[in-house]
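Quick notes on the structure that follows.
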Amino acid sequence: FGPLLAWLTGAYLDTWMQIKFVLVLVMSGMHGLYVRCWRDFANDRNTHSARFYRIINEIPALLMVLIVILVKVQPFGE
């Protein structure tokens with residue numbers, strides 16, 4: 001329903017929507033990275049430090065804040 005609404009209203013042409021879409025894709029990519037890390041832990045193949053995990057743990061929160069700001073403020077709009 002969301003893509004149809006974006007198409008019918010022309011929102012897909014707005015810069016804020018395009019940036020939001022890219023951020024959502026990055027969030028999906030992060031999910032894939034977390035699944036890989038989880039499998040490495042399950043198979044006792046972890047090669048990353050605790051610092052690495054502390055840093056990547058904060059990325060989804062940052063992405064969510066940016067996505068919500070883009071939706072509520074809609075910068076770059078007409």
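Below are the figures for this structure:
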quantity: Of all residues making up segment 1-11, the number that are closer than 28 Å to Glu58 by Cα and in contact with a helix residue (DSSP H, G or I) (Cβ under 6 Å, 6 or more places away or on another chain); calculated: 0
quantity: Selection within segment 36-55 - outside any helix (DSSP H, G or I) and surrounded by 10 or more Cβ atoms within 10 Å (Cβ to Cβ); calculated: Asn46, His48
quantity: Output for segment 25-35, where each listed residue is within 25 Å of Ala6 (Cβ to Cβ) and surrounded by 12 or more Cβ atoms within 10 Å (Cβ to Cβ); calculated: Val26, Met27, Met30
quantity: Whichever residue in segment 56-78 is surrounded by fewer than 10 Cβ atoms within 10 Å (Cβ to Cβ) and within 18 Å of the chain's Cα centre (by Cα) and, among such residues, is farthest from Ile19 (Cα to Cα); calculated: Glu58
quantity: Failed item in (1) in contact (Cβ under 8 Å) with a residue 12 or more places away in the chain; (2) within 19 Å of the chain's Cα centre (by Cα); (3) open to solvent by 50 Å² or more (accessible area, probe 1.4 Å), with Trp16 passing the rest; calculated: (3)
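The rows are residues; the columns are (1) closer than 27 Å to Pro75 by Cα; (2) at pLDDT below 95.
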site	(1), (2)
Gly2	yes, yes
Ile19	yes, yes
Ser28	yes, no
Arg36	no, no
Ala42	no, no
Glu58	yes, no
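The values are calculated or read from the model by the stated rules, or taken from the named source; none is laboratory data. Keep in mind that what you see is a predicted model, and the values were worked out from it rather than measured. All Cβ positions, even for glycine, are placed from backbone atoms using ideal geometry, and neighbour counts span all protein chains on display. These accessible areas exclude ligands, DNA and RNA; they are computed on the full protein's heavy atoms, side chains included. Shrake-Rupley method; radii C 1.70, N 1.55, O 1.52, S 1.80 Å.
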